[in-house]
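What follows is one structure encoded as structure tokens, with my remarks underneath.
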Amino acid sequence: MYRQPSIPSSNIDALEDSLLDISTAPTTPDGSLTFSPVLQALKLHDALEEAALGWGEQRASSSSLDATMRASGSGVKNICCVGAGYVGGPTAAVMAFQNPHINVTVVDRDPVRIKQWKTKHLPIYEPGLYEILRIARDGSKDCSFSNEATRFDSLDSMSSASSSTSECESRCGYHRDEVAVKARTPNLFFSTEVSKTISEADIVLIAVNTPTKMRGMGAGKATDVTALEAVTREIAIHAKPGAILVEKSTVPCRTAELIQDTLKVHRPTQSFEVLSNPEFLAAGTAISDLLSPDRVIIGSSSTPAGCRAAETLASVYASWVPRHRIVTMNTWSSELSKLVANAMLAQRISSINSISAICEATGADISEVAKSIGMDPRIGDKYLKAGIGFGGSCFRKDVLSLVYLAESLGLDEVAEYWTSVISINVWQRERFVRRAVRCLNNTLVGKKLAVLGYAFKKDTNDTRESPALECIKLLLDDCPREIAVFDPCCDPTTIKVEIGKLVGKEVLKDNGGSIDVYSDAYSACADAHAVLIMTECDEFKTSPSPPSLGTKTTSKKRPIDPRPFQRLEPTETEILHLQHFLTSTFSDADPLQRFETEPKCEEGCEVCFDGENEEEMENTVVLSGSKEEHGKDNLDWARIAYHLQKPKWVLDGRGCVDEIEMRSLGVRVDGIGRSGWGERR
Ligand SMILES: NC(=O)c1ccc[n+]([C@@H]2O[C@H](COP(=O)([O-])OP(=O)(O)OC[C@H]3O[C@@H](n4cnc5c(N)ncnc54)[C@H](O)[C@@H]3O)[C@@H](O)[C@H]2O)c1
Ligand SMILES: O=c1ccn([C@@H]2O[C@H](COP(=O)(O)OP(=O)(O)O[C@H]3O[C@H](CO)[C@@H](O)[C@H](O)[C@H]3O)[C@@H](O)[C@H]2O)c(=O)[nH]1
């Protein structure tokens, strides 16, 4: 069940404070400052497997040396990334990792966050992030390995890359190529010296938060560009002449104009190029998305200087992204593309959710409908998973930003169309709660409800815009005796603090209310009158798992040895792939003996304070196969069913359980997109 280091009380205070000012609150809450060691093990494998898909393409096109020559030809020596959050941190880490000759410095006004990036307790959790950071931030040692793929028939007698070499040599008796990888000096830095770092940069990436405006004109829809404006001013004052400014944040269309205007006010005689380069990474797959992006969009002005700036940024990406995936366009198209991408994805979810209501009323099954339409390549099978709707920090805010843009342009019909995407999303979760209450005889008084899943999606501890919380708020209106919450990836303390802040401390059991948060599913479900599934966690699925549509696949395949490399100078991505293969195969966190010593925490480090947690985190990095499996164990539904109150109910908001299997356990199932017990009564 859930295991995570306890959060020091000072961090809880910080978390409480961070939730106060919602208008300018960072998009990544301090809740994400804790990270799940269980998840760390689970996701590393998938992330690198995902990235591996793009490596074949790249292998043919570039070695580290080629990439270095290309990007250094553009004269870029220093990159500054303003904003050490969810986007800034991982993006800068991958850029530095893939461009050893460029110094990348991430700056933030938040000293706590910067301090965390310098330690082993990173402020966000993303699978594969730490391995990249260890090379770019801490530097690496010389290392070497055989260029021959591991022979699995001799695995028993091997324990690491180096032993594999000697074992193979003694068996085969001939000398094979040895690949030598040179040591790296650190080229990724974290700092609070915002203006100084900006003044030294050839490229300044702006990756600050752009939440929905909560006050004043456009409140509830328009984008709050307060942080972006502040950074722009700082850049306008301190940037060196000719520096290239890059919008990584998601911004309203024509924001580059606002930036140019500020630059002109402060530096009227100098000209700067402003590029749009939106980020498309998703929570939980950030590193694989960054290592192997579907596309990199660069928007620029069409002047020669604009095109040159776009080419300079493209050369930085070209160190690891195949050229045909780097798409240049005009600035406004690029800015708009980001909003439209999120709006289209959200729209697909609302579309399938609207159909789920028809399925419930007609006897059709939404998963069958989604499967059949998804087989049409014109439609595709992604983002067709019906459920209680989308959450997360981006979809709602970006659709609303598009709505506001349309309204500002007098395009009321367009605004109305996109508003309906949000309306369906809200309606969907209300519908789910209504069905749940109806199943329970229209009264929750005196009843215990178990809520499985609190994060906005599976495999993350990110709870921003969590649909579960919205459902919990609605359930509270019917006065249940208890709402018992469990999420395999979220820290119970963080959930409590967040609920206390967003709903009110009085609703928590500790203060006489009805909401309690558990660290294991079985306690949460014990004696419950109904179990409500709110997040699509794999752990909640019955076996065999219903087909998963619209999410990245979780491969259980044995990782493949990427050797032999075609050149004796493999790319960083290829070395990472090999490292992952060896780590998974030999349960060794540093099989190439490449890592420098990990930075030591300060005396009295609060996160290290709990010795048990510390040991747990270190063990997890070692990625033992058994631990990986343990973390992903499916729930024992028979055990849960046994302890449920009669009639036993599972209200499935994410299509996780198999109705027939549950019926055999004496459990009634009702859920999204299929006619369940609710209809039959
Ligand atoms: N989170 C995602 O999954 C995701 C994905 C793609 C795009 N985006 C977009 O990227 C942008 C950043 O999102 P995020 O999730 O990284 O946000 P975040 O809140 O995690 O991080 C933003 C950081 O910017 C810092 N900051 C704000 N103002 C500053 C200033 N004046 N000087 C220095 N630092 C400052 C904050 O302290 C914070 O650490 C947003 O526009 C978001 O819409 C986010
Ligand atoms: O078929 C589906 C797919 C997703 N979801 C829900 O949609 C939400 C968003 O999921 P996802 O897109 O995987 O996560 P995000 O991290 O929010 O990523 C989105 O938002 C980012 C921020 O802009 C973009 O960069 C990404 O490309 C975009 O996928 C979650 O609540 C999911 O449960 C569904 O209900 N059904």
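The values are calculated or read from the model by the stated rules, or taken from the named source; none is laboratory data. All values reported here derive from a predicted model rather than from experimental measurement. When we count neighbours, we look across all protein chains shown, and the Cβ atoms used for this are built from the backbone with ideal geometry, even at glycine. Each accessible area value is taken on the protein alone, full model and side chains, heavy atoms only, with ligands, DNA and RNA left out. Shrake-Rupley method; radii C 1.70, N 1.55, O 1.52, S 1.80 Å.
Reported value for the stretch 261-315: 106 Å³ per residue, from the convex hull of its C-alpha atoms. Extension gain for ASP633-LYS505 works out to 42.8 nm (0.36 nm per residue, less the C-alpha to C-alpha distance). Peptides 192-202, 99-109, 249-259 ordered by packing proxy, namely the average of other Cβ atoms within 10 Å per residue, highest first: 99-109, 249-259, 192-202.
List the residues of the stretch 102-116 whose backbone N lies under 12 Å from a point placed 7 Å from the Cα of SER195 along the Cα-to-Cβ direction. In the stretch 102-116, the label zone of SER195 (backbone N under 12 Å from the point 7 Å along Cα→Cβ) covers no residue. Close lysine pairs were tallied over the stretch 186-319: pairs 8 or more places apart or on different chains with Cα atoms under 22 Å apart number 9. How much FRET efficiency would the formula 1/(1 + (r/R0)^6) give for SER408 and SER302, where r is the Cβ-Cβ distance and R0 is 25 Å, rounded to 0.05? It comes to 0.50.
With a Förster radius of 45 Å applied to the C-beta separation of SER351 and GLU569, the computed FRET efficiency comes to 0.40. Site pair VAL112 and ALA589 shows an inter-label distance of 2.5 nm when each label is modelled 7 Å from Cα along Cα→Cβ. Using the Cβ-Cβ distance between ASP527 and MET344 with R0 = 45 Å, the FRET efficiency computed as 1/(1 + (r/R0)^6) comes to roughly 0.55.
Taking label positions 7 Å along the Cα-Cβ direction at both TYR642 and LYS141, the computed distance is 5.0 nm, reported to one decimal.
Extension gain, ASP261-ILE237: 0.36 nm per intervening residue step, less the Cα-Cα distance, totals 7.4 nm. Our estimate of slack between ALA230 and ARG151, defined as 0.36 nm per intervening residue step minus the Cα-Cα distance, is 22.8 nm.
Packing-based ranking of 374-382, 411-419 yields 411-419, 374-382, ordered from highest to lowest mean Cβ neighbour count within 10 Å. Each 5 Å bin from 0 upward holds the following percent of the Cα-Cα pairs of the stretch 172-288: 2, 9, 16, 18, 15, 12, 9, 5, 3, 3, 3, 2, 2, 1, 0, 0. Computed from the Cα positions only, the extents of the stretch 76-154 along the three principal axes stand at 53, 29, 19 Å, in decreasing order. With protein chains left intact and a 1.4 Å probe, residues in the stretch 239-293 average 34 Å² of accessible area per residue. As a fraction of the 1.4 Å probe accessible area of the stretch 269-317, surface on carbon and sulfur atoms comes out at 53 percent. Each label point was placed 7 Å from the Cα along the Cα-to-Cβ direction; for GLU602 and SER423 their separation is 5.3 nm.
Magnitude of the charge dipole for the stretch 355-505, about its Cα centre and with charges confined to Cβ atoms of Lys, Arg (+1) and Asp, Glu (-1), is about 600 debye.
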